[in-house]
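The values are calculated or read from the model by the stated rules, or taken from the named source; none is laboratory data. Just so you know, these numbers come straight off a predicted model, no measurement behind them. Glycine gets a Cβ as well: all are built from the backbone with ideal geometry, and neighbour counts include every protein chain shown.
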Amino acid sequence: MNYRKYIAEKLKIDGVNENDVALPPNTEMGDYALPCFKLAKILRKSPVAIAEELKNSFECDGVISGVSAVNGYLNFKVNRAGLASGVLEEVFSKGDGYGASDTGAGKTICIDYSSVNIAKPFHIGHLSTTVIGGSLYKIYKFLGYEVVGINHLGDYGTQFGKLISAYKRWGNREQVQKGGIHAINELYVRFNEQADEKMEAEAREYFRLIENGDKEANELFNWFKELTLEYVNKIYEKLNVRFDSYAGERFYTDKMQPVVDELSAKGLLIESEGAKIVDLEKYGMPPCLILRSDGASLYATRDLAAAEYRKKTYNFHKCLYVVAYQQNLHFKQVFKVLELMGREWAKDMVHVAYGMVSLEDGAMSTRKGKVVWLEDVINRCEEKAYSVIHEKNPGLANKAEIAKTVGLGAVVFGALYNSKIKDVTFSYDKVLSFEGETSVYVQYTCARANSVLEKSGVKYTLPRGYEPNTQEFEVLKSLAVFPETVLDAGEKYEPSIIARYAVDLAQKYNKFYIDCKILAAEGEAKNFRLALTSATLQTLKNALKLLGIGVPDKM
Ligand code: ARG
């Protein structure tokens, strides 16, 4: 239940909504508070007088059990016992589905994410798009949307001509079959190091051959594509992300002409130094390049065709692009061109931009093949997780399995914890810390809760009429806001809201765990505390699952 909303609605004051209802700094004053300072300006009365008047007219009920006016604040006390059984009952009855809703029923959201480039390294720079997109995918499903995950493959361009040229010169079948994407990447890097005018011309010729449907060139291209996908799919599986479509840039080869024709018919396409562009000067942007002077299409041209195709195919409610902020201008241009073409749905296109991830030691360099492969980061994190776990709990069974869940979670959580637009520095020690804002901390809290439940040996019942103390109440309040937290994360395209929520709930639970006896408590208190523990475990699991992170039973 959303108490803030409940209070705001009950107050019925023009201009006051749930966002005006705050949490007071200390719970002795109340569980929620309405500061009356903003109202003072409008009503031309002192905040103290307003709070006093509101107090006198407020009628308590089964949800709000008391009000008081203190220094210009109207403080509300929640009926704690009522809240306790209400929240716990909801968590237990919904279980894995606690926090889910049907807000999105009947609506489709397309998410363009990860969008790898064929034959190029899948590096740490792809971590954010993959895990943010992957998490949004799960969040929208949880909110009842139909979701279409799209991997808009970078499979178009002259680099494939270069690759074929390099393969013909230095490569052979066994070596590439065996080395996979790494071997392909080496060939590509070598080409760039050694290419002269003659080789460049040859590469252009191979690219033309791919375009013209030449059998051998296309076989090679498709083989490189398969090897790349085989490689990245293994990582996707590990990361718990999925795609419903792999329609990449090449898929739009025959779908761009209608866009070009329409731009031209609408008088939007103008010639500039032999190229065809859409002038966006009026909107404070450089022109959007549609066709080069040799007639070749561009990245933007394919994105325009892709947007049209997605609207036609999926009739999306929203189409998201989880792409680094370096491409801000590109998406602004594409969305503007769609708007100029008269697509009213251009407003439903959203560039979900995110910042850079770099490694602590500054090892993120894309020069000359010196990249940090995402796979290596994951492996290293799993290895480190193993030693961290071994140190903490040497006798633990299934250590290797657990280290995988913990290590992977650390990589994902490390990329999701900060608001997505921030540049982040990835540090193995930081993401694997048991004390800190980490998935390890949250997972460890789950293991702790699990162990309490296991040791108790009794089955709790749904508490009725139990009056929670302050620590218990803090946990309950946090449990109660999980559904609105998920909604908020979806609305803001911000999985970090859920990551932060999980840490906050874990902290509150741990405070309760330290301050209140659970197993040594008796009667109603023990029953309540076990129920609270179980509900916390369920909610933390649900939260982590939305981020793509699993929870080991023991740690
Ligand atoms: N492959 C592109 C890159 O690595 C990202 C594609 C994003 N999606 C899109 N529809 N443009 O930069």
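Restricting the first member to the range 324-335 and to residues that are more than 18 Å from LYS420 (Cβ to Cβ), and the second to residues that are near the ligand (Cβ under 8 Å from one of its atoms), the beta-carbon pairs closer than 6 Å and six or more apart or on different chains are VAL334/ASP303.
Condition check: of a type in the set (Gly, Ala, Ser), surrounded by fewer than 12 Cβ atoms within 10 Å (Cβ to Cβ) and modelled with pLDDT under 95. Does GLY295 satisfy that? It is true that GLY295 is of a type in the set (Gly, Ala, Ser), surrounded by fewer than 12 Cβ atoms within 10 Å (Cβ to Cβ) and modelled with pLDDT under 95.
When VAL412 is tested against (1) modelled with pLDDT under 95; (2) closer than 19 Å to ILE124 by Cα, exactly one condition is not met: (1). On the given criteria, is SER57 among the hydroxyl-bearing types (Ser, Thr, Tyr), more than 16 Å from the ligand (Cβ to nearest atom), at pLDDT below 95 and surrounded by fewer than 16 Cβ atoms within 10 Å (Cβ to Cβ)? So SER57 passes the test. Among the residues of the range 287-302, are any closer than 25 Å to LYS492 by Cβ and not in a loop (DSSP other than H, G, I, E, B)? The answer is no, given that none of the residues of the range 287-302 is closer than 25 Å to LYS492 by Cβ and not in a loop (DSSP other than H, G, I, E, B). Scanning the range 494-533 for residues that are touching a Lys or Arg at 6+ places or on another chain (Cβ under 7 Å) and of a type in the set (A, V, I, L, M) turns up ILE518, LEU519, ALA521. The condition of being more than 10 Å from the ligand (Cβ to nearest atom) and either at positive phi or among the charged types (D, E, K, R) (or both) holds for only one of ASP112, ASP96, that being ASP96. Taken over the range 216-247, the criterion of being of a type in the set (Asp, Glu), closer than 26 Å to GLY548 by Cα and without any contact (Cβ under 8 Å) to a residue 12 or more places away in the chain is satisfied by GLU226, GLU237. Scanning the range 254-305 for residues that are within 16 Å of the ligand (Cβ to nearest atom) and more than 24 Å from ASN328 (Cβ to Cβ) yields one hit, LYS255.
Residue-wise test of (1) within 14 Å of the ligand (Cβ to nearest atom); (2) surrounded by fewer than 16 Cβ atoms within 10 Å (Cβ to Cβ); (3) modelled with pLDDT of 95 or more.
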residue: GLN333; (1), (2), (3): yes, no, yes
residue: LEU340; (1), (2), (3): no, no, yes
residue: MET349; (1), (2), (3): yes, no, yes
residue: ALA353; (1), (2), (3): yes, no, yes
residue: MET356; (1), (2), (3): yes, yes, no
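Considering (1) away from the ligand (no atom under 12 Å from the Cβ); (2) in contact (Cβ under 8 Å) with a residue 60 or more places away in the chain; (3) surrounded by fewer than 22 Cβ atoms within 10 Å (Cβ to Cβ), the lone condition that GLU308 does not fulfil carries the number (2). Note on the range 107-202: enclosed helices (runs of 4 or more DSSP H) holding 1 or more residues that are in contact with a strand residue (DSSP E or B) (Cβ under 7 Å, 6 or more places away or on another chain) and either within 30 Å of TYR417 (Cα to Cα) or modelled with pLDDT of 95 or more (or both) are 127-142.
For the range 126-133, the criterion of a residue being out of contact with any helix residue (DSSP H, G or I) (no Cβ under 7 Å at 6 or more places or on another chain) and more than 18 Å from GLU494 (Cβ to Cβ) is satisfied by no position.
On inspection, ALA346 passes the criterion of being in contact with an Asp or Glu (Cβ under 6 Å, 6 or more places away or on another chain), free of Cβ contacts under 8 Å to residues at least 60 places away in the same chain and in a helix (DSSP H, G or I). Scanning the range 399-437 for residues that are free of Cβ contacts under 8 Å to residues at least 40 places away in the same chain and of a type in the set (S, T, N, Q) gives a single hit, SER433. Does LYS318 count as in contact (Cβ under 8 Å) with a residue 12 or more places away in the chain, of a type in the set (D, E, K, R) and within 13 Å of the ligand (Cβ to nearest atom)? The answer is no for LYS318. Taking ASP214, is it within 16 Å of the ligand (Cβ to nearest atom) and either charged (D, E, K, R) or at pLDDT below 95 (or both)? In short, no. Does LYS282 satisfy the criteria of being on the phi < 0 side of the Ramachandran plot and either more than 29 Å from the chain's Cα centre (by Cα) or touching a residue at least 12 places away in the same chain (Cβ under 8 Å) (or both)? Against the criterion (on the phi < 0 side of the Ramachandran plot and either more than 29 Å from the chain's Cα centre (by Cα) or touching a residue at least 12 places away in the same chain (Cβ under 8 Å) (or both)), LYS282 qualifies. Is it true that some residue in the range 317-329 is surrounded by fewer than 22 Cβ atoms within 10 Å (Cβ to Cβ), part of a loop (DSSP other than H, G, I, E, B) and at pLDDT 95 or above? Yes, there is a match, as at least one residue in the range 317-329 is surrounded by fewer than 22 Cβ atoms within 10 Å (Cβ to Cβ), part of a loop (DSSP other than H, G, I, E, B) and at pLDDT 95 or above. Only residues that are polar (S, T, N, Q) and closer than 30 Å to TYR145 by Cα were counted in the range 266-316, giving 3.
Could you grab the pairs with beta carbons closer than 7 Å, sequence gap of 6+ or different chains, first residue in the range 1-21 and more than 12 Å from ALA33 (Cα to Cα), second one in a loop (DSSP other than H, G, I, E, B) and modelled with pLDDT under 95? Sorted first by the residue in the range 1-21, then by its partner, the pairs are TYR6/VAL63. Looking only at residues of the range 248-266 that are more than 32 Å from the chain's Cα centre (by Cα), in contact (Cβ under 8 Å) with a residue 60 or more places away in the chain and in a helix (DSSP H, G or I), we find that the one that is surrounded by the most Cβ atoms within 10 Å (Cβ to Cβ) is LEU263. Of the residues making up the range 91-100, not a single one is at pLDDT 95 or above, more than 27 Å from LEU479 (Cα to Cα), hydroxyl-bearing (Ser, Thr, Tyr) and surrounded by fewer than 21 Cβ atoms within 10 Å (Cβ to Cβ). If the condition is being of a type in the set (Val, Ile, Thr) and at pLDDT 90 or above, then the range 415-452 contributes VAL431, THR438, VAL440, VAL442, THR445, VAL452. ASN151 meets all of the listed conditions (1) within 16 Å of the ligand (Cβ to nearest atom); (2) within 31 Å of the chain's Cα centre (by Cα); (3) surrounded by fewer than 23 Cβ atoms within 10 Å (Cβ to Cβ) but one, namely (3).
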